[in-house]
1. With each label point set 7 Å from Cα along the Cα-Cβ vector, what nm distance links THR5 and SER68?
2. Past 24 Å, Cα to Cα: identify those pairs from LYS7/LYS37; LYS24/LYS53; LYS37/LYS116; LYS10/LYS37, in the order given.
3. Using the charge dipole of region 1-86 (Lys, Arg: +1 at Cβ; Asp, Glu: -1 at Cβ; taken about the Cα centre), state which of SER68, GLY80, TYR25 has its Cα farthest towards the positive end.
4. In nm, give the distance between the simple-model label positions of ALA126 and LYS160, each being 7 Å from the Cα along the Cα-to-Cβ direction.
5. Arrange the following residues from fewest to most other Cβ atoms within 10 Å of their Cβ: TYR11, TYR25.
6. When the Kirkwood radius is taken over all Cα pairs of the chain, what Stokes-Einstein diffusion coefficient follows at 20 °C and 1.002 mPa s, in µm²/s?
7. Once you put a point 7 Å from the Cα of ARG91 and another 7 Å from the Cα of ALA137, both along the Cβ direction, what distance in nm separates them?
8. Would you work out the charge dipole size for the chain about its Cα centre, treating the Cβ of every Lys and Arg as +1 and the Cβ of every Asp and Glu as -1, and quote it to the nearest 20 debye?
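No value in this document is a laboratory result; all are computed from the given coordinates. What you see is a predicted model; the values in this text were computed from it and never measured. Cβ placement follows ideal geometry from the backbone for every residue including glycine, while neighbour counts extend to all protein chains displayed.
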Amino acid sequence: MEPITGKVWKYGDDVNTDVIFPGKYTYTVTEPAEMAKVALEDLDPDFAPNVQKNDVIVAGANFGCGSSREQGATCLVHAGVGAVIAASFSRLFFRNAINAGLPLVQSVEAVAALEKGDEVTVDVEAGTVTTQAGTFAFPPLPEAVIGIFEDGGLIPHTRKALGID
């Protein structure tokens, strides 16, 4: 998997799934491309119209807490987010992100060093986050998980493994 290089969008602790994908759209916005247009709308109205492919969200503790809806991860993937770096993640969001093909990195040190607008490179195979402030290590992601990311999520990965399509 190629390293991910993009601009940082930085947020605080406890960014919940109703903030990532506003709950008011749960039953009315169902297409992933449309979900992307409202990503983080209530937290940062500049995010959805300005996020670029491979930009990286950086956040504090408990990113993705709240409901277990998968739209939080789905809208970020379809908005073009290349990875999320946080101090910690909700268990359910962590699983939903892997299913959607969204790399997550837990690194308190990288979160502390990064600021909004910084350029960052995330290498999930090498286990590094590289910034102007330095390089921060994290445990490299398992090969099986990297395969899911490379295939675009768990469903396409499974279909590929089964020879479907």
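1. Rounded to a tenth, the inter-label distance reads 4.0 nm.
2. On the way: LYS7/LYS37 18 Å; LYS24/LYS53 26 Å; LYS37/LYS116 20 Å; LYS10/LYS37 18 Å.
Distance filter (> 24 Å) returns LYS24/LYS53.
3. GLY80
4. It works out to 2.2 nm between the two label points.
5. Result, fewest neighbours first: TYR25, TYR11.
6. Working: Rh = 15.7 Å.
Roughly 137 µm²/s, to the nearest whole number.
7. Between ARG91 and ALA137, the label points sit 2.9 nm apart.
8. Numbers: 11 positive and 22 negative charges, 66 e Å.
My answer is approximately 320 debye.
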